Amino acid sequence: MSGPKFAPAFDFYPERWTHGTRHMTKIERCDYIELLCHQWTDDGLPISVEILARILGYTNARGEGVASKISEMVLAKFPVAADGKRRNERLESERSKQVTRLERKRTGAEITNAKRWGKRVDDESLSDQIATPERVDIESPPPTPHLRPLVSSIEETPLTPSGESVGMGYSQSFENFWTAYPKKTGKGAAWAAWKRAKAKPPTDELVATVNEQAQSDQWTKDGGRFIPNPATWINQRRWEDELPMEQEELSTAQKFSL
């Protein structure tokens with residue numbers, strides 16, 4: 001298979017990590033994740049426990065690795081493979097899926113470019129390789145509906161004539177809104193809300209409303225503490241809010257009402 005031997009990073013979900021390692025001590029968890037990182041970049045770990053101890057910084061005055069410092073629970077996570085290297089099996093499964101995913105992306109890009117430039121795709125079966133395989137993260141329990149990745153990757157995708165993205169990427173209209181909005185929190189959630197809000201006004205009107213509301217007392221007091229999250233602003237159609245009268249305007253209005 002062509003392409004990189006492994007991706008520069010593996011999927012990591014903090015919630016599932018803490019769930020799967022809750023029986024370990026803090027030191028054991030630190031050793032575990034450090035050895036996972038070394039295995040990922042070095043394609044395996046040495047079989048010698050003394051060398052592993054040196055990798056983790058457990059050395060004596062002579063610079064020798066102190067094997068007894070490594071927990072048996074941690075060592076059990078890295079059994080010796082057939083080639084004589086220690087490997088965490090779940091991490092290697094993730095490596096394989098990462099390579100497959102990158103290869104399928106590359107193949108998909110080749111097909112897209114060939115169609116874009118009017119070239120014939122010799123092997124039509126290549127189109128079957130574009131789908132993204134299921135991800136397996138380290139130390140995850142059996143998947144449940146409420147456990148989802150906290151962060152999803154955003155990839156550049158083409159825009160439709162209306163300026164909205166056809167995939168996971170952000171549209172230019174959303175980026176204009178995001179640039180204007182003073183609270184940069186939950187961009188992914190805001191993007192999802194943006195795509196659902198089909199009846200929203202034109203972007204320039206939304207931006208003008210945001211700029212107006214950003215000057216209000218509610219949004220400026222306490223360092224912007226009461227500014228709604230962007231997704232909330234969109235979901236609740238807050239562009240329809242009527243701004244309260246400023247104190248000076250309220251006094252003037254009261255004066256003329258007497």
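Annotations
- Residue pairs, from the table K187/K221; K184/K221; K105/K198; K26/K85, whose Cα atoms sit over 28 Å apart: K105/K198
- Legend: ranking of residues K115, K198, K187, K77 from fewest to most surrounding C-beta atoms inside 10 Å; resulting order K198, K115, K187, K77.
- Relative to the globular-protein estimate of 2.2 N^0.38 Å, the Cα radius of gyration of region 172-248 stands at 1.06.
- Once the C-beta distance of E92 and R238 is scaled by a Förster radius of 45 Å, the resulting FRET efficiency is 0.40 to the nearest 0.05.
- Selection from N211, N229, W239, by position along the positive dipole direction of region 172-248 (Cβ): N229
- Fewest-first ordering of F78, F10 by other beta carbons within 10 Å of each residue's beta carbon gives F10, F78.
- Amide hydrogen neighbours beyond the local backbone of T59, cut-off 5 Å, H modeled: V66
Every number in this text was worked out from the coordinates using simple rules, so none of it is lab data. Please read these numbers as outputs of a predicted model, since none were measured by experiment. Every residue, glycine among them, receives a Cβ derived from its backbone with ideal geometry; neighbour counts consider all protein chains shown.
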